[in-house]
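Below you'll find the structure, written out as structure tokens, and then a few comments.
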Amino acid sequence: MNRRIAVLAVGACLIAPAARAQGSPLWRTVDIARQLHDSLPQRIRVQYGAGRVDVRSAGTAVLYDMHLRYDERRGAPVHRYDASSRSAVLGLESREGAQRFSDRDDSGELRLALPSSVPLDLDLQLGGTESRLDLGGIMIQSLRLECGAADASLTFSQPNRARMSDLTIDVGAADLLAVHLANANADQIRVHGGVGVADLDFSGAWTRDLTVDAKLAVGKLILRVPADVGVRLDVERIIAGFEHDGMVKRDDAWYSTNYDTAPHKLRVHAETFFGQIELQRGTR
Amino acid sequence: MRRLLAALLALGFLTPGVTVAQRVSPDSNSDLERLRRGESIADLPPADSIAPGARTIAGGTTVNGTVLARGPIVVAGRVNGSVVSLAGDVTVARGGVVTGDVLSVGGRIAADGVVMGEMRSMSALPTLLAASAPALLARTPFQRTMDSARMVAATFGVLLIVAIGVLLFAGRNLDEVAETLERRFARAFWAGLLGQVLLLPGLAVLVVALALTVIGVLLIPFAIVAYCVAVVGLFTLGFLAVARLVGGSMSRDGDRTPRYRALVALAVGVAVFFVLWMVAALLAWSPLTATVVRAAALAMTWAAVTLGFGAALLSRAGTHRRIAAGAPRVELASWQTPTPLTGVVAARRTASEVR
């Protein structure tokens, strides 16, 4: 019996260091910030593969303030700033040869604060992340959001003080919740999705008419529009249901009854292959 | 004795912690190298000039080059370069200016003054520099072997679950494919080979045919998915039939129920095919040997899959019952006996034979 225990003990002594050294992640945290020295427009690209992402407006005068928690064996922080082109690339890039998907990613985290006083062209390339993006109060000229296979929540809690020329959202196999989209102050919004649910809430401060192009291959597309906004909905569907809340069909499109008299109009072109399109009057 | 063993165990688990701790706090030269290569900090002073303790750049003074300390740093003046604290906070007071980056390892940065570069506070200096990262990330032979073995075991487990599902829900089809394999062995192989060659042309013909019908265009995505599912299903059914035959010839459970016998035969058969893969996985520490064994395993698996696929095609996924039904049964029913009881043959039996 004692001999067996001795063998086990020796085995444990030999294996434990090797197992710990080889298998354990090397967690690191880093806070990276850059002061803001002028108010000229900037371009910021964020790339992040897996983990939790939180983006919001910064309280202080910084161009960016990023907090990263990452496994050093699998990724390295990215923080490049080119002063001549006024562009920054931030986030985490995978190391060559590192395994991409593992439960270790669950503890990874990116928290990013962006300035509220500088016009930004923002490009968010997020992979399999759980993203909470509150872009309220940030001056955004254009926004491109790419999400892979995870949940994404995009909120404009405050109106955008810059006019956004284009808001593009590409979602892979993820659930997207976009709230207060009217606060985005965008001319047009494009939402392209693969599989999942896209829940678009158009509440907020309406300053102009808005055009939306929403394409979802398989899944559910929910459009929530305030009652005082006129809606024109042009639907293309193949094997999909369509729930229209009090809409009237004229020509080839569906119109809300207040479309001609409404102060602001929302024109939606919605396409889905398999699933459902749902229009709800009112907000979340 | 037991106390000694417990101490040994504890030592075994504590030693790596100490090793790791030692690894993340190396000497000054290593720190400087990490700063230079990992954090792109230039103009670093020599390692022996880094004094422990706090450092202050007083207001009205200017320092050219990187300021480096192993304690907290306060900048009230001007630094034409970067400021790095290897163990402490960095404070850039109001009126203080840093033209480069500010970096704090294990501390915080407070900047009321001006920092032209970036401010980075980190828990530790990066250990995986760009140049050394591949070497550190490269898996050890032991790790490679364990990973390969785990992969093979997981695949075996999944296939076993699929086998049980097939046995439960498509048992008759499996029987029929196995029977076809026994009766038409050579033909099954050639059918399997031909089937593999015609897989892609078959899909192309299907898509073109659907496109020609105009209304069928909508069905093309579904047809592609259905085709792929059908092909994978045929391969799986065929391979399991081969595994069942192989396992059946090796297992000895004559007095059990047919379903139990079939299950054991399947498990043994699948295991037989995975033995070579597992051997190859366990030899992963020796790449050349592992490649040779893996090639043998691949050849064996391919032959089995081809045979099974052909049998599945010939028996139309086990729904074509005529192949087995048309063949003469060799097995005798249990109530039959080879000993003649009546007739001329029986009459000619000797007394000792009758006894």
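Every number here is computed from the coordinates shown, using simple stated rules; none is lab data. The structure presented is a predicted model; accordingly, all values stated were derived computationally and were not measured. As a convention, Cβ positions derive from the backbone with ideal geometry for all residues, glycine included, and neighbour counts pool all protein chains shown.
Per-residue counts of other Cβ atoms within 10 Å, averaged by peptide: what ranking do you get for B:307-319, A:42-54, B:197-209, highest first?
On the way: B:307-319: 24.3, A:42-54: 21.4, B:197-209: 12.4.
Those peptides, ordered most packed to least, come out B:307-319, A:42-54, B:197-209.
Over the range B:139-324, the Kirkwood radius and the radius of gyration, each from Cα atoms, give a ratio Rg/Rh of 1.05.
Cut-off 20 Å, label point 7 angstrom out along Cα-to-Cβ of residue B:320: give me the residues of the range B:156-174 whose amide nitrogen falls inside. Answer for this model: B:170-174. Please work out whether the range A:66-223 counts as rounded, prolate or oblate from its C-alpha gyration tensor, where a ≥ b ≥ c are the square roots of the eigenvalues and a/c under 1.5 means rounded, while otherwise a/b larger than b/c means prolate and anything else oblate? In terms of gyration-tensor shape, oblate.
Computed on the Cα trace of chain A, the radius of gyration divided by the Kirkwood hydrodynamic radius gives Rg/Rh = 1.12.
To the nearest 0.05, what FRET efficiency results for residue B:217 and residue B:250 with a Förster distance of 56 Å applied to their C-beta separation?
On the way: r = 51 Å, r/R0 = 0.91.
Working from the Cβ atoms, E equals 0.65.
Stretching the chain fully between residue A:218 and residue A:276 yields a gain of 20.0 nm (0.36 nm per residue, less the alpha carbon separation). On the beta carbon distance between residue A:144 and residue B:224, with R0 = 41 Å, the FRET formula returns roughly 0.85.
Within 10 Å of each candidate Cβ there may be at most 14 other Cβ atoms; applying that plus a DSSP loop requirement, which trypsin sites (Lys or Arg not before Pro) in the range B:180-276 survive?
Details: sites: B:183, B:184, B:187, B:244, B:252, B:256, B:259, B:261; in loops: B:184, B:252, B:256.
Sparse-neighbourhood loop trypsin sites (Lys or Arg not before Pro): B:252, B:256.
Based on the alpha-carbon gyration tensor of the range B:59-199 and its eigenvalue square roots a ≥ b ≥ c, which shape applies: rounded if a/c is under 1.5, prolate if not and a/b is larger than b/c, or oblate? Let's see the in-between values first.
On the way: a/c = 4.74, a/b = 4.50, b/c = 1.05.
It comes out prolate by the Cα gyration axes.
The range B:62-94 and the range A:32-66 have Cα centres lying 24 Å from one another.
For chain A, what does -39500 (n - 2.57) per DSSP helix run (n ≥ 4), summed and divided by total residues, give at 222 nm, in deg cm²/dmol to the nearest 500?
-2500 deg cm²/dmol
Residues whose amide H falls under 5 Å from that of residue A:268, counting only those 5 or more places apart or on a different chain, are A:212, A:232, A:233, A:234, with hydrogens built in the peptide plane.
When a/c is below 1.5 the answer is rounded, else prolate if a/b is larger than b/c, else oblate, so apply that to the range B:26-124 with a ≥ b ≥ c taken from the square roots of the Cα gyration tensor eigenvalues. Each step should come with its number before you reach the end.
Working: a/c = 1.56, a/b = 1.48, b/c = 1.05.
Verdict is prolate for the range B:26-124.
With the simple spin-label model, which puts each label point 7 Å out from Cα in the Cβ direction, the residue B:288 to residue B:275 separation comes to 2.7 nm. Of the trypsin sites (Lys or Arg not before Pro) found in the range B:30-107, those that fall in a DSSP loop while having at most 14 other beta-carbon atoms within 10 Å are B:94. The C-alpha atoms of chain A define a longest principal axis, and helix A:2-23 lies at about 40 degrees to it. Put simply, the amide H of residue A:162, placed in the peptide plane, has neighbours under 5 Å in A:140, leaving out anything fewer than 5 places away on its chain. When both the range B:98-122 and the range A:131-174 are represented by their alpha-carbon centers, they are found 30 Å apart. For the range A:147-161, backbone nitrogen atoms closer than 17 Å to the point 7 Å from residue A:205 Cα along Cα-to-C-beta are found at A:155-161. The spacing between the range A:256-272 and the range B:168-243, judged by their C-alpha centroids, is 50 Å. Residues whose amide H lies under 5 Å from that of residue B:89, counting only those 5 or more places away or on a different chain, are B:73, B:108; hydrogens are built 1.01 Å from N in the peptide plane.
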